[in-house]
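Undergrad: One structure, as structure tokens, below. Some questions next.
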Amino acid sequence: MAGRRPRKADSVSLERYHGKRRFEATPEPRGRAPRRSRSRRGGRYVVQRHRATALHYDVRLELGGVLVSWAVPRGPSLDPARKRLAIHVEDHPLEYFDFEGVIPGAQYGAGDVIVWDWGRWTPDKSIDDAEASVRAGELKFRLDGEKLRGEFVLVRTGRRQPGAKEQWLLIHRRDGEIVRGWDAEDHPESVKTGRTNDEVAAGQRA
Ligand code: MN
């Protein structure tokens with residue numbers, strides 16, 4: 001049912017996403033109601049480099065019919081010693097997966113966005129319900145993307161507080177695919193279009 005507007009009853013997890021945005025003013029997708037996932041065995045992931053008020057990388061995993069999302073200020077690393085703060089943010093619609101563009105000045109998240117990395121994510125073998133793992137505050141998984149590769153863990157650090165933004169850490173686990181000193185900022189181009197954030201901001205065509 002292409003183009004169907006989200007129905008209230010089945011779009012609960014996108015309420016926060018919709019509540020923050022005015023879709024007549026931002027090029028971001030409105031997104032349709034979550035379609036329940038067909039598989040608990042992972043899916044696509046995307047990392048967007050988002051130059052808003054503060055630069056951050058948005059790590060999004062396709063899970064339960066939405067993109068479950070964390071904002072990582074310093075970006076993911078392939079170095080296990082570089083543990084990265086990851087703020088759990090609102091679920092995004094699947095249509096956000098390849099969004100790249102400019103969010104205008106007065107809007108939520110104003111700034112420029114590139115598709116910094118994408119690929120597949122797979123939950124650790126020990127996990128049979130990844131959504132439950134996220135609720136419980138620890139998700140072990142593997143990434144197979146163009147920049148990121150190997151075993152990672154996302155783990156909630158503080159106690160859960162209603163309304164407060166949850167702080168997590170994103171850590172590359174010690175496996176055969178670590179790269180010491182690896183820094184996201186050394187790999188600045190979009191995997192979708194080859195553009196940098198500056199080029200997107202300047203309106204350069206893909
Ligand atoms: Mn963001």
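The values are calculated or read from the model by the stated rules, or taken from the named source; none is laboratory data. This structure is a prediction, so every number in the text was calculated from the model and none was measured. Methodologically, a virtual Cβ is constructed for each residue, glycine included, from the backbone with ideal geometry; neighbour enumeration extends over all protein chains shown. When the accessible area is computed, the model is the full protein with side chains, heavy atoms only, and any ligands, DNA or RNA have been set aside. Shrake-Rupley method; radii C 1.70, N 1.55, O 1.52, S 1.80 Å.
Undergrad: Show the residues, 5+ positions off or on another chain, whose built amide H is closer than 5 Å to the amide H of Leu63.
TA: Val68
Undergrad: Hey, another quick one. Hey, which of these cross-link pairs are over 22 Å Cα-Cα: Lys83/Lys165; Lys140/Lys192; Lys20/Lys140; Lys125/Lys192?
TA: From the list (Lys83/Lys165; Lys140/Lys192; Lys20/Lys140; Lys125/Lys192), the Cα-Cα distance tops 22 Å for Lys140/Lys192; Lys20/Lys140; Lys125/Lys192.
Undergrad: Based on the Cα atoms of the range 126-206, what semi-axes does the equivalent ellipsoid have, where each is the square root of 5 times one gyration tensor eigenvalue, given in whole Å with the largest first?
TA: One finds semi-axes of 30, 19, 13 Å for the range 126-206.
Undergrad: Scan around Arg142 for amide H atoms under 5 Å from its own, H built in the peptide plane at 1.01 Å from N, and keep only partners 5 or more places away or cross-chain.
TA: Placed amide hydrogens put Thr122, Asp124, Phe152 under 5 Å from Arg142.
Undergrad: Now for a different question. Determine the order of Lys125, Lys83, Lys140 by accessible area, beginning with the largest, at a probe radius of 1.4 Å.
TA: Lys125, Lys83, Lys140
Undergrad: So what are the ³J(HN,Hα) numbers for the range 143-154, from phi and the Karplus equation (6.51, -1.76, 1.60; θ = phi - 60°), rounded to whole Hz, Gly and Pro as x?
TA: 10, 10, x, 8, 10, 9, 7, x, 8, 10, 9, 10
Undergrad: With N set to the number of residues, divide the alpha-carbon radius of gyration of the range 76-165 by 2.2 N^0.38 Å and report two decimals.
TA: 1.25
Undergrad: Calculate, for the range 81-206, the solvent-accessible area per residue in square angstrom, rolling a 1.4 angstrom probe over the heavy atoms of the protein chains.
TA: 52
Undergrad: Under the Karplus relation 6.51 cos²θ - 1.76 cosθ + 1.60, θ = phi - 60°, what is the ordered set of whole-Hz ³J(HN,Hα) values for the range 72-79, x standing for Gly and Pro?
TA: With the stated coefficients, the range 72-79 comes to 10, x, 9, x, x, 9, 8, 9 Hz.
Undergrad: Can you tell me the order of 64-70, 49-55 when each peptide is scored by its average per-residue count of other Cβ atoms within 10 angstrom, highest first?
TA: Going by the mean number of other Cβ atoms within 10 Å, highest first, we get 64-70, 49-55.
Undergrad: Rounded to two decimal places and with Rh computed the Kirkwood way over Cα pairs, what is Rg over Rh for the range 15-91?
TA: With Rh from the inverse mean 1/r over Cα pairs, Rg/Rh is 1.00.
Undergrad: Seen from all sides and averaged, what is the projected area of the convex hull of the Cα atoms in the range 45-195, in nm²?
TA: Across all orientations, the range 45-195 yields a mean hull projection of 9.1 nm².
Undergrad: Moving on. Using only the heavy atoms of the protein chains and a 1.4 Å probe, how would Ile171, Ile114 rank by accessible area, largest first?
TA: So, going from the largest accessible area down, we get Ile171, Ile114.
Undergrad: Need one number: convex hull volume per residue for the range 76-128, Cα atoms only, in Å³.
TA: 156
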